[in-house]
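Structure record follows, encoded as C-alpha cells.
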Amino acid sequence: MTVTFPQKGLPWLLLLPQLLVTAVFFLWPAEQALEQAFYQEDAFGLSREFVGLDNFLDLFTDPLYYQSMLTTLVFSFSVAIFGMSIALLLAVMADRVIRGKLTYQTLLIWPYAVAPALAGVLWWILFDPSMGPIALWLESMGLDWDHYLNGGQAMILVVIAATWKQISYNFLFFLAGLQAVPRSLIEAAAIDGAGPFKRFWTIVFPLLSPTTFFLLVINLVYAFFDTFGVIDATTKGGPGQSTNILVYKVFEDGFVGLDLGSSAAQSVVLMAIVGVMTVIQFRFIERKVQYS
Amino acid sequence: MTDVILENVGKTYPNGYHAIPSVDLSIEEGEFIVLVGPSGCGKSTLLRMVAGLESITQGELRIRDERMNDKEPAERDIAMVFQNYALYPHMTVYNNMAYGLKNRGVGKTDIEEKVSNVADMLGLTELLQRKPGQLSGGQRQRVAMGRAMVRDPKVFLFDEPLSNLDAKLRVQMRIEIRQLQRKLGTTTLYVTHDQVEAMTLADRLVVLNKGKAEQIGTPMDLYDKPATPFVASFIGSPSMNLLPANLVEQGIKLSETLILPLSHAHRGGVVWGIRPEHLEVSDEQNADFALRVQAVESLGAETLIHGALEDQSGRITSLVIRLSGPHLPEIDSLIWLIAPTKHWHVFDAITQQRL
Ligand SMILES: Nc1ncnc2c1ncn2[C@@H]1O[C@H](COP(=O)(O)OP(=O)(O)OP(=O)(O)O)[C@@H](O)[C@H]1O
Ligand SMILES: [Mg+2]
C-alpha cells in the first residue's frame, strides 16, 4: 500500500534534512574527489594541472596498490567470516538460553555502541607488546607478540579489533533470524532422525541464508570502508604495508604523502566498489527466496 | 497385539501448569484412535509426549513393549503430521520425503523407490520437483502425509492435520486418510477438536476434558452411552439437550408440573438428556411436553427447530429438535413432542456419572 500526499511540496520538505545531509557530506565531497582525481597538485596546494586519466593509470600500474587491494581482501573477508561465525555461534547459544536472556543479549549488544577508533585503542592497549595484558600472556605462553614488527600479527590485531565491534550487529540479525525459524520444522527434523548438528546444517542454516547473505555484504562494506578508525588507532597501516588497506591508503597517500591526485583517484575507485556492492545487495534482496 | 500403551501418563509443564493429570490408554496394532476435546484440553500435549517432543513427567509410555519415556523422537519409530505441515521450505517435495530416510542411512535406490511409491499413492508424482511454497494447501497436506508414510513407521501421529483446509477438501482428505490408514494398517493417533472428523475416522475415540480422559470407546458407544454430560454434549451435532432435573419417586421431575415417569432407585439432582434427533413430534394427547418454537433452521435434508419448554411456573428451558425433511412451523406456535424412554440419558448432577 502506498500513502499519497495531497500536496506535491510536503514530501520534499520532509526529505529535505536527509537530502541536505547527503548533499553536504556526500555529494559535494564526492564531486570534489571526482574532480581532483583528474588533476595533479603540487605539495603545497598552490597550483594544479589537468592530467586526464594519469592519476588512474599511475594507480593501476603501482604494485603497492595491488598489494593494498590484496591486503584489503584478506582483511575484509577475515573480518566478515570471523565476525559472522562467532556471532552465529553466540546467537545459537542465546536462542537456547531461557533464563537471563535479556541480560545476555544486552551485554552482547554493547560493543556496537563503541566508536571504531575507541575499539582500536582498546585492543591496541590490550595487545601492547611491552605492557598489554594479552601480549604479556601470549609471551608467557611462549609466543612473542610484537605487531610493530610482525606484519602477520599486525593483521591479526586489526582483524580482531574490527571484528569485535561487528559481532554485536551480526548477533542481533542472526538471533532474529533464528527466532523466525518455526519450531515445528526443527521438531519434524528431530522426528526424521536428524541430530542437533544435522538439524542445524540442513534446516536452520539454509533458512538463515537470506540473513547470512545480507550480513556478508554489510560486513564487507564495513571492513572495506568503515575501518579507518580501527587501523589508525592500532597499526597505522604498518608495519610496512602489511595492514595498509585501501581506505587507509587514501588517507595516507593524500594527507601524509600529500599526493592528492592519487588519493582522489583511489577514492573514486572505492566509491565505484561501494556502488557495485550496493547494487548486488539490492538485486539479491529483491530476488531473495521467500519462504512461506 | 497391543501396540502403544500409556500408563498413568501425566504432564506438568516447567512453569508448574498441570496440563494432564493422568491418562491410561492401550492401543491395538492397526487401530485408529482419535483424541478429541475442546481447545486447551491437552490433546497436543498428549500427542507430543508420545512423539517425544515433550517430556513425560509421570507414568510410562510403551511402544511394542519397549519403554519410550527417555527415547529421542527419532528412536521411537513414529511419524508425525503437524497442523502447519512443517514442510522444509528450502527442499523439494522429493527431498522433503527423502530427508528422514537419508538420515537413517537408507540407500539411494531404495529411497527413490519408496518415495516414488508413496508419491504414486498420493498423486504427488508430478509435484516431486516443486518446493512447498509452490503448492496449494491441499497438496502440502499430502506431502506432509507422504513424508510420514515413506518411513513406514510403527505409529502415525496427526495433530489437527486438516484444520487449515477448506470444508470440502477437509471431507475429501478425511476419507482419504481413513482409506490409506486401513490399507497400510499403521497404528494411528489422531488429534482433532472437530467431532464429525472424530466420529468418522475413529476406531475408538478418547474424549479429553481438562487433561482427563472422560470416556474411551467406539464412536457408537460414545453416541449411545455417553458416560458424562460433557461427552454427551461433545459428541453429536447439534449437541444433546441436557436439562437439570430431579429424580423423584414418580420419575424425572423437570419442573413442578412436568414429570416424566421413570422408576429408578436413585434420588436427587440429575441431568436429563435427549438428542435432538430422538424427540418425536406427536399430538396433544400423547405428548410428553410442548415446545414453543423460537427459531427454525432449514438445511434441506433436515430441519432444526429451536424452542422453549415452558411450564406454569414460567421457567424456560431451551431445546433443539432435529427433524428429517423440510418443516415450517410458525414462530411462537406449539409443537407437541414425545421423548421415548429408550433414548434418555440420565446423569448424576454431582458425580456427573451416567445412571
Ligand atoms: N509449554 C507450555 N508451558 C505451559 N503450559 C503449556 C505449554 N504448552 C501448552 N500448555 C498448556 O497446556 C494446556 C494444553 O495445551 P494443548 O496445546 O495440549 O491443548 P490442545 O488440546 O492441543 O488445544 P488446541 O485444540 O487449542 O490445540 C493448555 O492450557 C496450554 O495453555
Ligand atoms: Mg493442539
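The values are calculated or read from the model by the stated rules, or taken from the named source; none is laboratory data. As the structure is a computational prediction, the values presented were derived from the model and not from experiment. Ideal geometry is used to build each Cβ from the backbone, glycine not excepted, and the neighbour counts take in all protein chains shown. For the accessible areas, the whole protein counts, side chains as well, though only heavy atoms, and no ligand, DNA or RNA atoms are used. Shrake-Rupley method; radii C 1.70, N 1.55, O 1.52, S 1.80 Å.
The figures follow:
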| quantity | calculated |
| --- | --- |
| Solvent-accessible ranking of B:TYR99, A:TYR169, A:TYR112, A:TYR104, largest area first, probe 1.4 Å | A:TYR112, A:TYR104, A:TYR169, B:TYR99 |
| Spacing of the two label points (7 Å from each Cα toward its C-beta) at A:ASP226 and B:ALA308, in nm | 7.2 |
| Loop trypsin sites (Lys or Arg not before Pro), the stretch B:211-287, which have at most 15 other Cβ atoms in a 10 Å radius of their Cβ (DSSP) | B:ARG267 |
| Taking all pairs of distinct alpha-carbon atoms in the stretch A:179-221, Kirkwood radius in angstrom | 11.3 |
| Kyte-Doolittle mean at least 1.0, axial Cα span of 30 Å or more - DSSP H helices of chain A | A:63-96, A:151-179, A:260-287 |
| Chains B and A, summed buried accessible surface - 1.4 Å probe, Å², nearest 100 | 1700 |
| Under 5 Å, built H, 5+ apart or other chain: amide partners of B:GLY251 | B:LEU262 |
| Cβ-Cβ FRET estimate between B:GLU249 and B:ASP224, R0 fixed at 35 Å, reported to 0.05 | 0.80 |
| Spin-label model distance (nm) - A:MET93 vs A:ILE125, 7 Å beyond Cα toward Cβ | 2.5 |
| Where B:ASP288, A:ASP58, B:ASP348 fall by accessible area, highest first, once all protein chains stay in place (1.4 Å) | A:ASP58, B:ASP288, B:ASP348 |
| Shape box of the stretch A:149-292 [Cα atoms, principal axes, largest first, Å] | 65, 35, 18 |
| Portion, in percent, of the accessible area of the protein assembly as shown that falls on carbon or sulfur, probe 1.4 Å | 60 |
| Placed amide H near B:LEU279: partners under 5 Å, 5+ positions off or other chain | B:ARG322 |
| Within 10 Å of each Cβ in B:121-133, the average number of Cβ atoms from other chains | 1 |
| Heavy-atom accessible area ranking, 1.4 Å probe, most first, across B:MET49, A:MET141 | A:MET141, B:MET49 |
| Cα-derived Rg over Rh, computed across chain A with Rh taken as Kirkwood radius | 1.04 |
| Angle in degrees between helix B:108-122 and the longest Cα principal axis of chain B, rounded to the nearest 10 | 30 |
| Cross-link pairs beyond the 21 Å C-alpha cut-off, checked among A:LYS198/B:LYS108; B:LYS183/B:LYS225; B:LYS102/B:LYS183 | B:LYS183/B:LYS225; B:LYS102/B:LYS183 |
| Rotationally averaged projected area of chain B (alpha carbon convex hull; nm²) | 21.9 |
| Residue of B:ALA301, B:ALA74, B:ALA167 that the Gaussian network model of chain B assigns the largest fluctuation, springs spanning Cα pairs under 10 Å | B:ALA301 |
| Amide H partners (placed H, <5 Å) of A:ASP259, local residues excluded | A:GLY254 |
| Longest exposed-site-free window of chain B, the sites being GluC sites (Glu not before Pro) in a DSSP loop that have at most 12 other C-beta atoms within 10 Å | B:1-248 |
| Inter-chain Cβ neighbour average for residues B:86-96, partner chain, 10 Å | 4 |
| Most mobile listed residue (A:PHE224, A:PHE214, A:PHE197) in chain A, GNM with C-alpha springs under 10 Å | A:PHE197 |
| Relative contact order of the stretch B:2-234, defined on C-alpha pairs under 8 angstrom at six or more residues apart (%) | 28 |
| Gain on full stretching of the segment that runs from A:THR212 to A:THR278 - 0.36 nm per residue minus C-alpha separation | 22.2 nm |
| Mean separation of Cα contacts under 8 Å (6+ apart) over length of the stretch A:95-251, as relative contact order % | 31 |
| J(HN,Hα) series, the stretch B:95-107, from Karplus relation 6.51 cos²θ - 1.76 cosθ + 1.60, nearest Hz, glycine and proline x | 5, 4, 6, 7, 3, x, 6, 4, 4, 9, x, 6, x |
| The stretch A:96-205: radius of gyration over Cα atoms, expressed as a fraction of 2.2 N^0.38 Å | 1.49 |
| Minimum 20 Å² accessible area buried by the other protein chains, the stretch B:149-174 residues, probe 1.4 Å, relative to alone | B:ARG151 |
| Sum of -39500 (n - 2.57) over DSSP H runs of 4+, divided by residues of the protein assembly as shown (222 nm, nearest 500) | -13500 deg cm²/dmol |
| ³J(HN,Hα) computed for each position of the stretch B:10-23 - Karplus, 6.51 cos²θ - 1.76 cosθ + 1.60, integer Hz, glycine/proline x | x, 9, 10, 6, x, 7, x, 6, 8, 6, 10, x, 5, 10 |
| Computed over chain A: relative contact order in percent, which uses C-alpha pairs under 8 Å that are six or more apart | 27 |
| DSSP-defined beta bridges in chain B - what % are antiparallel, rounded to 5 | 75 |
| Number of partner chain Cβ atoms within 10 Å, mean per residue of B:68-77 | 2 |
| Theoretical gain in end-to-end length, A:GLN18 to A:GLU35 [0.36 nm per residue, Cα-Cα removed] | 3.7 nm |
| Directionally averaged shadow of the stretch B:241-348, computed from the convex hull of its alpha-carbon atoms, nm² | 6.7 |
| Highest-fluctuation residue, B:GLY251, B:GLY30, B:GLY107 considered, GNM on chain B with Cα pairs under 10 Å | B:GLY107 |
| Solvent-accessible area per residue, Å², over the protein assembly as shown with all protein chains present [probe radius 1.4 Å] | 50 |
| Share of Cα-Cα pairs in the protein assembly as shown lying beyond 38 Å, as whole percent | 58 |
